[in-house]
Amino acid sequence: MFTNVVRCTNCGQRNRVPQIASGTPRCGKCHRPLPWIVEAGDDDFAEVVEGSAIPAVVDFWASWCGPCRMVGPALERVAEDLAGRVKLVKIDVDRSPKLSERFAIRNIPFLMVVSGGKVAAERAGAAPAPELRGWVEQAIASAGRGNG
Ligand code: ZN
């Protein structure tokens, strides 16, 4: 299974985080929730994103896309701010043709919030971290209301 290494925002400890977990990853040293940042693609989208126990923020990007290089770090900041509440999933569109077709992705960066297996919100284009954080929080809140 693919694992990613993230730095704990509380104590600086580097931790491995799995793509899939029943709970949310915590720092091995200080036990605070870790920013959950992973990658996925055509083969594991269902498991990593649609099957996620907490809302997933999906970042469709490509290495040649300039705005993607701005959105990437901004989303990582959002994942740090909302550690324990969201999972950030990066998807390289060049390596995920089925997902690109399924979601009819024409412009990247293309972002989605998936909660309980359903798309709660989507948007295209770059934005600064505070704006993206507000957008994600709103999507999570409205998805929560929809379930209740
Ligand atoms: Zn820590």
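Quick notes on this structure:
- Taken over the range 117-142, the criterion of being touching a residue at least 40 places away in the same chain (Cβ under 8 Å), within 15 Å of residue 54 (Cβ to Cβ) and open to solvent by 20 Å² or more (accessible area, probe 1.4 Å) is satisfied by 117, 120, 137, 140.
- Condition check for residue 59: within 25 Å of residue 26 (Cα to Cα) and open to solvent by 10 Å² or more (accessible area, probe 1.4 Å): no
- Annotation: of all residues in the range 74-102 being touching a helix residue (DSSP H, G or I) at 6+ places or on another chain (Cβ under 8 Å) and either without any contact (Cβ under 8 Å) to a residue 12 or more places away in the chain or among the β-branched types (Val, Ile, Thr) (or both), the one that is most open to solvent (accessible area, probe 1.4 Å) is 93.
- Reported count of residues in the range 103-115, each being touching a residue at least 24 places away in the same chain (Cβ under 8 Å) and either surrounded by fewer than 16 Cβ atoms within 10 Å (Cβ to Cβ) or touching a Ser or Thr at 6+ places or on another chain (Cβ under 8 Å) (or both), is 1.
- Considering residues of the range 39-57 that are at pLDDT 95 or above and aliphatic (A, V, I, L, M) only, the residue nearest to the ligand (Cβ to nearest atom): 54
- Within the range 1-11, restricting attention to residues that are surrounded by 14 or more Cβ atoms within 10 Å (Cβ to Cβ) and either under 16 Å from residue 90 (Cβ atoms) or away from the ligand (no atom under 14 Å from the Cβ) (or both), the residue that is modelled with the highest pLDDT is 6.
- Residue in the range 12-33 that is away from the ligand (no atom under 16 Å from the Cβ), assigned to a helix (DSSP H, G or I), open to solvent by 20 Å² or more (accessible area, probe 1.4 Å) and within 15 Å of residue 90 (Cα to Cα) present: no
- Residues in the range 8-59 that are β-branched (Val, Ile, Thr) and under 20 Å from residue 114 (Cβ atoms): 17, 20, 24, 37, 38, 48, 49, 54, 57, 58.
- Inter-residue pairs, beta-carbon under 8 Å, first farther than 15 Å from residue 80 by Cα and in the range 10-37, second away from the ligand (no atom under 13 Å from the Cβ) and open to solvent by less than 30 Å² (accessible area, probe 1.4 Å), 6+ apart: 18/38; 19/38; 19/40; 19/48; 20/48; 20/52
The values are calculated or read from the model by the stated rules, or taken from the named source; none is laboratory data. Every value quoted in this text rests on a predicted model; they were computed, and no experiment measured them. A quick note on method: Cβ atoms are made from the backbone with ideal geometry, for glycine too, and the neighbour counts reach across all protein chains shown. Accessible surface is based on the protein model in full, side chains and every heavy atom, while ligands, DNA and RNA are left aside. Shrake-Rupley method; radii C 1.70, N 1.55, O 1.52, S 1.80 Å.
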